[in-house]
1. Rounded to the nearest 0.05, what FRET efficiency do K140 and R38 give with R0 = 25 Å and r taken as the Cβ-Cβ distance? Could you check?
2. Given a cut-off of under 8 Å on Cα pairs at least six residues apart, what relative contact order in percent is computed for the chain?
3. With angles folded into 0 to 90 degrees, how steeply does helix 49-64 sit against the dominant principal axis of the chain? Use alpha carbons for both and round to 10.
4. As a test, work out the antiparallel percent of DSSP beta bridges whose residues both lie in the chain, rounded to the nearest 5.
5. Would you mind ranking K311, K140, K212 by Cβ crowding within 10 Å, fewest neighbours first?
6. Can you tell me how the stretch 50-159 classifies by the Cα gyration tensor, rounded, prolate or oblate, using a/c under 1.5 as the rounded cut?
7. Would you kindly state how much longer the chain becomes between T244 and R171 on full extension, computed as 0.36 nm times their sequence separation minus their alpha carbon distance, in nm to one decimal?
8. Per-residue counts of other Cβ atoms within 10 Å, averaged by peptide: what ranking do you get for 216-223, 148-155, highest first?
Amino acid sequence: MKVEAFKKRREARRTPASWAARIVARSEDGRPADREMRTTLRNIDGLRPADARWISRAVFAYYRWKEWLDPARILEKRLDQAMGYADTYSRHPQAFPDEDLLAGAIPEWVKEVVDVPIGWVRALQREPRLWLRARPGTAKRLALTLGGPEDAVEGVLPDSVEYRGTRDLFRTGAFHRGELEIQDVSSQVVGLCCAPTPGERWWDMCAGEGGKTLHLADLLQGKGEVLGTDRASWRLERLHERVTRAKTNLVKAVVWDEKHPVPGPDPFDGVLVDAPCSGLGTWGRNPHARWTATSKDVAELAACQLRLLEKATQAVKPGGRLVYSVCTVTRAETSEVATAFGTAHPEFEPVPFADPFLPENPPVAQRLFWPHETGGNGMFVAMWRRKQV
């Protein structure tokens, strides 16, 4: 008991800087920084929201500006240094030359697998924007509910809202009433590209915690069905919670992986393969991942993506659509996967689709959405239709 009391007193004396340093130290030992931060913040008794925001900003600033930091300084001093770089960049991004950012913001191997636009690199160094998805047709009302133009504004995409305030959204009435989902615009764009028609049946093969699954259900306007599958039951538990909060009866969620037969007995009008990927498109939001991903990961995941697409072909009805999406920007996982699939499956024809961000652009059958152009994560989407027999 005395030991526990001592630990509690010691923890109570920690400053936000020391908590941030602790998270970074543990992340340097191989733990994902975002997961370590969620666990740590959840377990700090009496943590003020302002301190939680500072800790989060400091940890992610550390990994954005890691290559600029003085290794001779103690960790807390390096965190202060990183916050200084972050504040300077937010006010004067031109103070950082392109060549310096290209050299320090991303690992060298990335330049071998991505045609790197400097706009993307500059976007990686900015703090990410927080996007919400309102229930269909309620974006304006949701923005007003969350504080109006100073805190929340409607985005370009239908039902998207950018949140700029400081309230804990998970504690708002709007969240508990199922009026919003925290979902990046790049994730929202996938559902809009799928464009399901009311009455259709869709399979979200790699549903995860269900952001895209729920979006597909909303787009069906109360008529149809969405099957969300994932191999991790804990993710589907989270999906079940979200389905309950959203009060939709169109979603069914089951555990599934590629070793099992496709869900039957009837084929689907649409199958979404939102495949596991290297995640380079999320590096602005999760900067720690820049320093843990490798080129080997890219090659292994590209092979996995093709296997999942191959499996998905068995579940698409004649005239049905197959949609492939990944939150990465490597050639191997985007255009090269699409080309390889199209070559192997002449029974599927490419389907041009509109750009939800810029509808005036000509429709194309595959599109890469860059963070510096959309304000969200990076995302690749390709679409095919099974030819009628």
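Bear in mind that the values in this text are calculations on the coordinates, not laboratory data. The shown structure was predicted, so the numbers you read here are calculated from the model rather than taken from an experiment. We place every Cβ from the backbone using ideal geometry, glycine too, and count neighbours over all the protein chains shown.
1. On the way: r = 31 Å, r/R0 = 1.26.
Result of the calculation: an efficiency of 0.20.
2. Numbers: 665 pairs, mean separation 53.2, N = 389.
Relative contact order of the chain: 14 percent.
3. 80
4. Working: 24 of 42 bridges.
Within the chain, antiparallel bridges account for around 55 percent of the total.
5. Values: K311 18, K140 12, K212 25.
The fewest-first ordering by Cβ neighbours comes to K140, K311, K212.
6. Working: a/c = 2.70, a/b = 1.59, b/c = 1.70.
Taking the square roots of the gyration eigenvalues as a ≥ b ≥ c, the stretch 50-159 is oblate.
7. On the way: separation 73, 0.36 × 73 = 26.28 nm, distance 1.66 nm.
Here the segment from T244 to R171 would lengthen by 24.6 nm.
8. Numbers: 216-223: 19.0, 148-155: 15.5.
Highest mean packing first, the order is 216-223, 148-155.
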